[in-house]
Amino acid sequence: MTTVSGTPGRQPTEARQSWVPMIAIALGQVLMSFNVASLPVAMGGMVKSFNVPPTTVATGIVTYSMLVAGFVMLGAKLNQRFGALRVFRAVVVLFGVAQVVMTFGPSATFMIVAQGMSGAAGAALVPSLVALIAENYRGAQQSTALGALGSARAGAGVAAFLIGGILGTYIGWRPAFGILIVLSVIVFLLSFRLKPDEGRPEVRIDLVGVVLAAVAIVLISFGFNNLNRWGPGLATTNAPFDLLGVSPAPAMIVLGIVFGQAFFMWTRKRQAEGKTPLLALEVIDSPLERAAVYAMFAVVALEAMLNFSVPLYIQIVQGRSPIATAIAMLPFNLTVFFAAMLIVRFYDRLTPQQIGRYGFILCTIGLLWLAFVVHNDWSAIPVLAGLVIFGIGQGSLVTLVFNVLVTASPKELAGDVGSLRGTTNNLAAAVGTAVAGALLVGLLSAIVLRSVADNPKLPPEIQAQVNLDSVNFISNDRLQTVLEGTTASPAQIAEAVRINTDARLRALKIGLVIMAGIAMLAIIPAQRLPNFIPGELADPSPMRVRKDG
């Protein structure tokens, strides 16, 4: 059995603080989570308004997540240098301005710019939330506050799907983002109830580290986002350039990993010289903490993949309304919300290792179940059961791994933990969304090309009139309209629609099986999470382990 060395005993009782400051902190999390969760719900409306493919909406999601992940470590240092409260207020204002652009922007370009602005604000907002919790709460209240932060993230997802679905169906997709303008004002006013903290002017910002980290994350995110468009191997005609015929997308991913390694080498060098690093490597210096980071990346990436796949299928494939998407995803989002809140109650009964293992097992079972039972009706009871099973695992894991990281580090490193969480969460969301898009479109393209090539009802002269080099998810009505502009007969059009319907469902099923495989692999890092019950330790932060016979 693996345990943590420390003196047995309970944490000393702390004076209880008002929960009013936590409202401002939680709403700060809601701002970010509601924004990014609203994008998949608004997918159908944006595709229609801007006349763009669904992958363009995915680009907006990736842009937001990429900028948060790329600059959140800079945001953490800004929090330390100028004070978390001062930074919190400033970026809430920036976020509100971004939502004005999002609400009233006339094109997809404005949407992507708005998400970039929101990502820049989120890069400083993410670490400020953790730092403000550490400043305002201690002991058991701090654990509860961290759980509430995870619940706020999940609750915002529920609200985004419901509110965005209703507004998108009956009014339009824009008002959902207009709500965030008002919410930004409310959060700014509530911030005056938070304890003021002092900045540390002596903190120096490592500009070389900022560049290395940002370039690494942007290259990785951009590479994954363009795997389908530019080609996962050989370059397609859409690639801006090629490397001896090879697509630049995988080259970007490899180069991003190289820059990431250069960032860690540079950071270790600065620490050895006694200089302030962009990220204090103490927050990931033990195998247990690194396992928590790997587990966090896996669970957030899986959530992003599912959150992109389901709205894509319901709105674009089935042509149903945003409210139908909201209803279909409601069981999942509610389950995540309650699981994130209630898992804290099991911390005195189960170890993080046990919760991590069981959580990923539930995610694997839920995704496999979905792959076998999903058809063209997401409201079917077996499908809802699969979403609930996955939601229990996902909600439990998000709160767990965050708590492991926070309790493993001293208060003065709370900003670094926040930046690590932000980098991991948003890089995982960007990669998960991009991989889901590339995976599903790639599977669809392969299935369609094979089905059309083997089908005698669709001769080469008909195939030549349709661009099979750019297969994407479209509704049957849209496909039928396109084919009516060719020389295809009604019987040939009906056959093409049948192939499209079958290929989309098969692509989704295979995609879910691959996601289940990722969840199963994530059990490996979960096995390395702390194997102790936090409430039984006076000081679990050293995270030193020993083996008991």
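The values are calculated or read from the model by the stated rules, or taken from the named source; none is laboratory data. Since we're looking at a predicted model, the values are computed, not measured. Reconstructed Cβ throughout: ideal geometry from the backbone, glycine too, with neighbour counts over all protein chains shown. These accessible areas exclude ligands, DNA and RNA; they are computed on the full protein's heavy atoms, side chains included. Shrake-Rupley method; radii C 1.70, N 1.55, O 1.52, S 1.80 Å.
Quick one: is PHE95 crowded, with 24+ Cβ neighbours inside 10 Å, touching a Leu at 6+ places or on another chain (Cβ under 8 Å) and not hydroxyl-bearing (Ser, Thr, Tyr)? In short, yes. Restricting region 337-364 to residues that are free of Cβ contacts under 8 Å to residues at least 40 places away in the same chain and under 25 Å from PRO382 (Cα atoms), the residue that is most open to solvent (accessible area, probe 1.4 Å) is TYR358.
Exactly one residue out of VAL62, VAL41 is open to solvent by less than 10 Å² (accessible area, probe 1.4 Å), closer than 30 Å to LEU281 by Cβ and modelled with pLDDT under 85: that is VAL62.
Just to be sure before I move on: is VAL158 part of a helix (DSSP H, G or I) and surrounded by fewer than 18 Cβ atoms within 10 Å (Cβ to Cβ) in the structure I sent? No: the conditions fail for VAL158.
Considering only region 232-244, I want to know if a residue exists there that is in contact (Cβ under 8 Å) with a residue 40 or more places away in the chain, closer than 28 Å to GLY60 by Cβ, within 24 Å of the chain's Cα centre (by Cα) and surrounded by 13 or more Cβ atoms within 10 Å (Cβ to Cβ). There is at least one residue in region 232-244 that is in contact (Cβ under 8 Å) with a residue 40 or more places away in the chain, closer than 28 Å to GLY60 by Cβ, within 24 Å of the chain's Cα centre (by Cα) and surrounded by 13 or more Cβ atoms within 10 Å (Cβ to Cβ). Within the set of pairs 6+ apart or on separate chains, which have a first residue in region 492-518 that is of a type in the set (D, E, K, R), a second that is surrounded by fewer than 17 Cβ atoms within 10 Å (Cβ to Cβ) and in a helix (DSSP H, G or I), and C-beta atoms under 8 Å apart? From residues that are of a type in the set (D, E, K, R), the pairs are LYS509/PHE372.
Taking the criterion of being open to solvent by 50 Å² or more (accessible area, probe 1.4 Å) and closer than 16 Å to LEU149 by Cα, the only residue of region 317-336 that qualifies is LEU334. Name the single residue that is modelled with the highest pLDDT among those in region 265-293 being among the small types (Gly, Ala, Ser) and surrounded by fewer than 18 Cβ atoms within 10 Å (Cβ to Cβ). Result: ALA272.
Filtered by the rule that a residue be open to solvent by less than 50 Å² (accessible area, probe 1.4 Å) and of a type in the set (A, V, I, L, M, F, W, C), region 191-204 gives LEU194, VAL203.
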